[in-house]
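Accompanying notes for the structure given below.
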Amino acid sequence: MDPNVRKPLCAVVGAGPGVGMAVARRFGSAGYRLALVARNADAVSRSASELGSAGIEGRGFSGDAGDELSLRKAFDDIHASLGPTEVLVYNAFAFHQANPSVLQPSQLVDDFRVNVVGALISSQIVINHMKTGSRGTILFTGGGLALEPEPGASSLAIGKAAIRNLAFSLYRELAPFHIHVATVTICGYVRDGTKFSPGSIADSFFHLHQQSEGQWEREFVYQ
């Protein structure tokens with residue numbers, strides 16, 4: 001790459017250990033700059049330093065995926081300091097362990113703000129930049145709970161079903177603007193040393209991003 005040309009920017013919301021950081025490393029290894037967003041400012045700063053030690057350009061930004069003002073502030077800071085987002089990965093999630101018969105409405109609403117509303121807000125923030133550039137990728141971390149719910153994780157299952165629906169709707173809306181939207185539906189427990197290792201899952205995100213227009217998929221079911 002021409003050193004005078006700025007590397008494209010990938011923003012990861014929910015850049016904690018596991019899938020979030022694995023995705024950041026995968027895109028970073030392909031030449032992307034990284035904007036890492038998480039609630040804990042110290043933790044996300046350490047994550048950015050970890051990427052830097054691996055030769056990946058990344059910066060941490062404090063932002064709460066369940067708080068619209070906090071999330072917008074994080075993206076304002078990202079775009080002011082790093083430029084427009086070309087790839088958005090939304091990986092934030094929250095859930096209360098409860099069967100639906102006892103799940104409190106307030107718990108569902110709180111979790112839904114992180115699991116779905118934050119994804120909607122993040123997407124809306126970056127869409128105009130992507131339309132201006134006539135390109136972009138928006139990827140969501142989905143889950144097998146969207147396909148086969150578990151009662152004990154009912155709030156998360158509802159969230160994963162909704163974010164899958166959101167991904168499909170955005171896919172149809174934004175494809176004419178050359179913006180690819182998709183979800184990686186992870187049908188298993190994420191663990192190192194297994195088929196569901198974060199690194200392997202991260203490859204699925206990058207696979208979707210690399211697809212040529214006209215061959216775009218709206219979902220990759222990782223199972």
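The values are calculated or read from the model by the stated rules, or taken from the named source; none is laboratory data. Just so we're clear, the structure is a prediction, and the values are computed from it rather than from any experiment. Methodologically, a virtual Cβ is constructed for each residue, glycine included, from the backbone with ideal geometry; neighbour enumeration extends over all protein chains shown. Just so you know, the surface numbers come from the protein's heavy atoms only, side chains and all, with ligands and any DNA or RNA stripped out. Shrake-Rupley method; radii C 1.70, N 1.55, O 1.52, S 1.80 Å.
Before moving on, here are some points about what is shown:
- Residues (under 19 Å from L71 (Cα atoms), open to solvent by 10 Å² or more (accessible area, probe 1.4 Å) and not charged (D, E, K, R)) located in the stretch 22-47: A38, N40, A41, A43, S45, S47
- Candidates A11, A80, A43 - the one that is assigned to a strand (DSSP E or B), on the phi < 0 side of the Ramachandran plot and of a type in the set (A, V, I, L, M): A11
- Hits in the stretch 94-107 (condition: in contact with a Gly (Cβ under 9 Å, 6 or more places away or on another chain), under 13 Å from G66 (Cα atoms) and open to solvent by less than 80 Å² (accessible area, probe 1.4 Å)): A94
- Restricting the stretch 124-151 to residues that are touching a helix residue (DSSP H, G or I) at 6+ places or on another chain (Cβ under 6 Å) and assigned to a helix (DSSP H, G or I) leaves a set whose member that is surrounded by the fewest Cβ atoms within 10 Å (Cβ to Cβ) is K131.
- So V116, is it buried (at least 20 other Cβ atoms within 10 Å of the Cβ), of a type in the set (A, V, I, L, M, F, W, C) and at pLDDT 95 or above: yes
- Scope the stretch 201-223; condition without any contact (Cβ under 8 Å) to a residue 12 or more places away in the chain and either in a helix (DSSP H, G or I) or within 18 Å of the chain's Cα centre (by Cα) (or both); matching residues: Q210
- Scanning the stretch 46-72 for residues that are assigned to a helix (DSSP H, G or I) and acidic (D, E) returns E50, E68.
- Taking the criterion of being open to solvent by less than 10 Å² (accessible area, probe 1.4 Å), in contact with a Gly (Cβ under 8 Å, 6 or more places away or on another chain) and under 28 Å from A153 (Cα atoms), the residues of the stretch 168-217 that qualify are T183, V184, T185.
Here is a yes/no grid of residues against (1) among the charged types (D, E, K, R); (2) closer than 26 Å to N128 by Cβ; (3) without any contact (Cβ under 8 Å) to a residue 40 or more places away in the chain:
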residue	(1), (2), (3)
A43	no, no, yes
S49	no, no, yes
G55	no, no, yes
R59	yes, yes, yes
G63	no, yes, no
R72	yes, yes, no
F75	no, yes, no
